[in-house]
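Contents: one structure, followed by commentary.
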Amino acid sequence: MLLSANGLETALEIIYPVAILTVLAIVFAILIAVFSVKFAVKEDERVTAVCERLAGANCGACGYAGCEAFAKALVAGDAQLTACNATKKSAKEEIVNILGSGDLGEETIVVCACNGGNVCMDKYDYQGYGGCASIELLAGGSKACPMGCIGNGTCVQECPHDAIDLVDGVSIVNQEKCVQCGLCISHCPKKILKRIPAKAQLYVACSSCDKGKDVRAYCKAGCIACGLCMRNCEAGAITLKNNIAVIDYDKCTGCKKCAEKCPSKCIKIL
Amino acid sequence: MPYVIFIIINAIFINNFVLSRFLGICPFLGVSKKTDTALGMGIAVIFVMSVASVITFALNLLLVKLNVEYLQTIVFILVIAGLIQLVEIVIKRFSPSLYSALGVYLPLITTNCAVLGVAVMNVSELANANILYAFINGAASGIGFTLAILILAGIREKMANADIPESFKGFPITLIISSLMAMAFSAFSGLSF
């Protein structure tokens, strides 16, 4: 009798913990299952559909926390599709179909409109804290050219896709890696990282509006507004504005004669 | 009533969960980069600690009755995790704004050692414990956590402008700040009622 009572106690010692945990687990499993069905939140199917078609870079250049937040804003009508540059045109068309309206925007690529770097003279040697923006604050940057790439690599650090490299002191966008999010553009104090149409075959790698003689004095790679490119362009796509060559990409045929004739080689082929 | 005040002062200042018990260090360091996210985390912790205190205290009575107190840890973890899941579902349904404000922190703190800590201490350290005191202790501990994480976040925001040696940037300097804060809070240990 005594032995069996002991046996019962031992059995209970084993059974209680097992029973308690099992019961708790089952209770919570059932509760969670019931709650998740009963309180299910109906999410807009369009959000998922739009989110699937966005580039998924989560770069944040549109001003939203990520692609999902942007998709929600698109569906709610708070955002414009043009704010996203990373999404491919075909995907954007599908999104417009889902939403029923929307502006596709032109496909663009990002280029650095400066070819100076090491061949552009320095105004002073910056020794201090911070990136390009800090240098810009001190007498408009360390380069003698007021529109020259500072070459401190703020864009290189900001690029989420490692698509920008510093080559010979100037930023160069690697078009294969670039998703056109435009974070670099918003961080460049000189605003020399620019968008040009995706169909462009050439771009003017200089932004200086100074007179030719002045440009020549501080930079060997700058546009001196000599007009050779303009005269050699058969399509008449190049004009001189503010002492710099400007290509009209609607007229440009991509013959690349301007790039050959340019004395300072500042018209670059993509 | 004086005892309630003692519990509150004790939980917030004298035995602050982060700065004198060193529990919940992970979210304390991880989510203290901005004051608004720190506040969101703090509110989530207050909420979870209050609810968890009450439920676990009640469950502990059952455990004591069945003479299986050694199950405390595993039962508490199970209950806290399950409870937060339920709360999350309900909040998501009824208050999307609160849900988005708490964001990822709510599920994150289910396994936070500070939450488990308050549940265990309610039944082991709290004198004359009853369910009301357990609730007050849980809420006050959460407030103490919020206070600590808010102070740290404020300092870290200011620190963005400071000229810190390269090797100390980021977590090293944060750990140093935390230790200084802990030393400052140790002054409260002289308080007695």
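The values are calculated or read from the model by the stated rules, or taken from the named source; none is laboratory data. Small disclaimer: the values here were computed from a predicted structure and weren't measured. Cβ: placed from backbone, ideal geometry, glycine included. Neighbour counts: every protein chain shown. Heavy atoms of the whole protein, side chains included, go into the accessibility calculation; ligands, DNA and RNA do not. Shrake-Rupley method; radii C 1.70, N 1.55, O 1.52, S 1.80 Å.
Structure data summary
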item	result
Among A:C226, A:C84, A:C206, residue whose mean-square fluctuation peaks in a GNM of chain A (springs only between Cα atoms under 10 Å)	A:C226
Tilt relative to chain B, helix B:113-124 - C-alpha long axis, 0 to 90 degrees, to 10	40
Cα-centred dipole magnitude for the protein assembly as shown, charges only on beta-carbon of K, R (+1) and D, E (-1), debye, nearest 20	1540
Loop trypsin sites (Lys or Arg not before Pro), the range A:19-112 (other Cβ atoms within 10 Å of the site Cβ: 16 or fewer; DSSP)	A:K42, A:K88
Dipole axis of the range B:59-178 (+1 Lys, Arg; -1 Asp, Glu on Cβ), positive-most option in B:S95, B:L83, B:Y70	B:S95
GNM result for chain A, Cα springs below 10 Å: residue of A:A200, A:A225, A:A40 fluctuating most strongly	A:A40
Accessible area buried between chains A and B, both sides summed, probe 1.4 Å, in Å² to nearest 100	1600
Relative contact order of chain A, pairs being alpha-carbon contacts under 8 Å that are 6 or more residues apart, as %	15
Qualifying chymotrypsin sites (Phe, Trp or Tyr not before Pro) in the range A:99-144, DSSP loop, other Cβ atoms within 10 Å at most 12	A:Y124, A:Y129
On Cα atoms only, tilt of B:72-94 relative to the major axis of chain B in degrees	70
Partner lysines for A:K251 [C-alpha distance under 19 Å; skip if fewer than 8 residues away on the same chain]	A:K199, A:K241, A:K261, A:K268
Charge-dipole axis of the range A:123-270 as Lys and Arg at +1 and Asp and Glu at -1 on Cβ define it, positive-most pick from A:A144, A:C233, A:Q175	A:C233
Of all accessible heavy-atom area on the protein assembly as shown, the percent that carbon and sulfur account for (1.4 Å)	61
Gyration tensor (alpha-carbon) shape descriptor, chain B, a/c threshold 1.5	oblate
Label-zone membership for the range A:220-249, site A:K199, 7 angstrom Cα→C-beta point, backbone N under 18 Å	A:234-239, A:247-249
The range B:146-166 and the range B:1-32: distance between their alpha carbon centers, rounded to Å	19
Members of the range A:10-38 that become less accessible by 30 Å² or more once partner protein chains are added (1.4 angstrom probe, chain alone as reference)	A:Y16, A:P17, A:I20, A:L21, A:L24, A:F28, A:I32, A:F35
Per residue, in Å², the accessible surface of the protein assembly as shown once ligands and nucleic acids are set aside, probe 1.4 Å	52
Gap separating the Cα centres of the range A:190-255 and the range B:58-109, nearest whole Å	65
Occluded residues from the range B:59-77, i.e. those whose accessible area drops by 40 Å² or more once the chain is not alone (1.4 Å probe)	B:L66, B:L71
Cβ charges +1 (Lys, Arg) and -1 (Asp, Glu), total dipole of the range A:129-233, debye	520
Selection of trypsin sites (Lys or Arg not before Pro), the range A:178-270, meeting DSSP coil and at most 14 other Cβ within 10 Å	A:K191, A:K199, A:K211, A:K251, A:K256, A:K265
Percentage relative contact order, the range B:1-109, counting C-alpha pairs under 8 Å, at least six apart	24
For the range B:2-190: lysine pairs under 30 Å (alpha-carbon distance), excluding those fewer than 8 apart on one chain	7
Separation of alpha-carbon centers, the range A:23-60 and the range A:119-136, rounded to whole Å	50
Residue of B:V31, B:V123, B:V90 that the Gaussian network model of chain B assigns the largest fluctuation, springs spanning Cα pairs under 10 Å	B:V90
With Cα atoms, 0 to 90° folded angle of helix A:67-76 axis to chain A main axis	90
The range B:2-190, dipole about Cα centre (Lys/Arg Cβ +1, Asp/Glu Cβ -1), debye to the nearest 20	200
Bridge type composition, the protein assembly as shown - antiparallel percent by DSSP, nearest 5	100
Top positive-direction residue, dipole computed over chain A with Cβ charges, set A:T10, A:C114, A:Q157	A:C114
